[in-house]
Amino acid sequence: MKKIIFFLVLPLVFFSQQKQNSKKNFAIVVHGGAGTILKKNMSDELEKAYKEKLEEAMQAGYDTLSRGGTSTDAVIVTIKILEDSPLFNAGRGSVFTADGKNEMDASIMDGKTLKAGAVAGVRTVKNPITAALCVMQRSEHVMMVGTGAEKFAKSCNCEFADTSYFFEQKRWDQLQKIKQTEKTELDHGYNYNKDSVYKDYKFGTVGVVALDQFGDLAAGTSTGGMTNKKYGRVGDSPIIGAGTYANNKTCGVSCTGHGEYFMRSVVAYDVSALMEYKKMSVKDAANEVVMKKLKEMGGEGGLIAMDRKGNITMPFNTEGMYRAYMKSTGEKTLLIYK
Ligand code: ASP
């Protein structure tokens, strides 16, 4: 009898062990913008607030992955939390255009299907990343802009908010200051930070790359763009291949920095292409693009990237970049400065 029970139980133990082994590692990497972020200009309180919000958002994405959610789910959950926080230049608290409006851009890409969705210049979608998801999942298009994108987002029941919801006094003050110089400014750019009035208040574009338990990558980016940008200007963040890219064959990428340079260098796709055609590692490919190509052109910024094995890299050529990652292997980090 004992022998029979033993032989009945053995395969069960074996198969559950097999299942355990086939469960893939998962990971998430997040950024909250790059720029002249210096410790000496940062108050302890603000640093704590940034860290807590990044941690909260990353943890929510990680929990989604841990429950068996897809990498796309994790990107959305994480970015929504950062968009809802006025600390970051995305969703609520986005920077202002030259004519004093918030025009937001967002994009998402699924590395398994190579499907992508993006919106640009939206003004009343509470979470622009959800409108990008709507374009990816419910339309035959990749990118929609302005009122058309908003109209379409309604068909996905995206939440909407009055334009006043996005208003943040400090962003408004930042616009008034920059207007005097006639410059377009990264929300955490040099001119902005060296100004003592605002030196302790910085914020940024947000982005996420996730790898789920099925081994699939996804990447997303959301931003208010650059302060004092011309009305109608679109940056790299919603451009697939420039600010966002994901491909299971190579990696997932989300960028932050001076959008015009990132578009002209096709940064996110360039990292993927170096991996695909030159067989570079994710680290070497991202370094090549951010520290050499972009730098030589004068393009300030950085990116987060992850390959299918969960290797993560977060290079930037500015003073700092809000960045963090968490892996199912237990590895975890959260950094701001160089
Ligand atoms: N890349 C964004 C843009 O140019 C700005 C940023 O990353 O902060 O719109």
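Observations on the model:
- With N counted as the residues of the stretch 208-262, its alpha-carbon radius of gyration over 2.2 N^0.38 Å works out to 1.28.
- Chymotrypsin sites (Phe, Trp or Tyr not before Pro) within the stretch 228-282, DSSP loop, no more than 13 other Cβ atoms inside 10 Å: Y231
- Surrounding net charge for G257, when Lys and Arg each add one and Asp and Glu each subtract one, Cβ distance under 9 Å: -2
- Net charge, D236 excluded, C-beta distance under 13 Å - Lys, Arg +1, Asp, Glu -1: -1
- Residue (of S139, I79, V119) at the positive-pole extreme of the stretch 51-175, dipole from beta-carbon charges: S139
- Max mean-square fluctuation residue, GNM over the chain, Cα-Cα springs under 10 Å, options A116, A285, A131: A285
- If you take all other residues with their beta carbon under 10 Å from the beta carbon of T72, and give Lys and Arg +1 and Asp and Glu -1, the sum is -2.
- Eigen-decomposition of the gyration tensor built on the alpha-carbon atoms of the stretch 243-338 gives equivalent ellipsoid semi-axes of 20, 17, 10 angstrom, largest listed first.
- Stretch in the chain that is longest and holds no GluC sites (Glu not before Pro) that DSSP places in a loop and that have at most 13 other beta carbons within 10 Å: 183-330
- Simple point charges give the picture: +1 on the Cβ of Lys and Arg, -1 on the Cβ of Asp and Glu, and for the chain a dipole about the Cα centre of about 900 debye.
- Global geometry of the stretch 72-126, whether rounded, prolate or oblate, following the gyration tensor of its Cα atoms and the 1.5 cut on a/c: oblate
- Most mobile listed residue (D236, D284, D307) in the chain, GNM with C-alpha springs under 10 Å: D284
- Rounded to 5, percent antiparallel among DSSP beta bridges of the chain: 90 percent
- Shape box of the chain [Cα atoms, principal axes, largest first, Å]: 88, 43, 42
- By the Cβ rule of 4.7 Å, the chain holds the following cysteines without a possible disulfide partner: C158, C251, C255.
- Helices of the chain meeting both criteria, an alpha-carbon length of 18 angstrom or more along the long axis and an average Kyte-Doolittle score not below -0.5, with helices taken as full DSSP H segments, are 2-22, 71-84.
- Cα centroid separation, the stretch 49-91 to the stretch 320-338 (Å): 14 Å
- Based on protein heavy atoms only, the stretch 296-338 ends up with 42 Å² per residue of surface accessible to a 1.4 Å probe.
- Carbon-plus-sulfur accessible fraction, the stretch 243-338 (probe radius 1.4 Å, protein heavy atoms only): 48%.
- Largest mean-square fluctuation among L87, L54, L274, in a Gaussian network model of the chain whose springs join Cα atoms under 10 Å apart, belongs to L274.
- Inter-probe distance in nm under a simple model that places probes 7 Å from Cα toward Cβ, at F160 and K278: 4.7 nm
The values are calculated or read from the model by the stated rules, or taken from the named source; none is laboratory data. Small disclaimer: the values here were computed from a predicted structure and weren't measured. Heads up, the Cβs are rebuilt from the backbone with ideal geometry, glycines too, and the neighbour counts pull from every protein chain shown. The accessibility values were calculated without ligands, DNA or RNA, using every heavy atom of the protein model including side chains. Shrake-Rupley method; radii C 1.70, N 1.55, O 1.52, S 1.80 Å.
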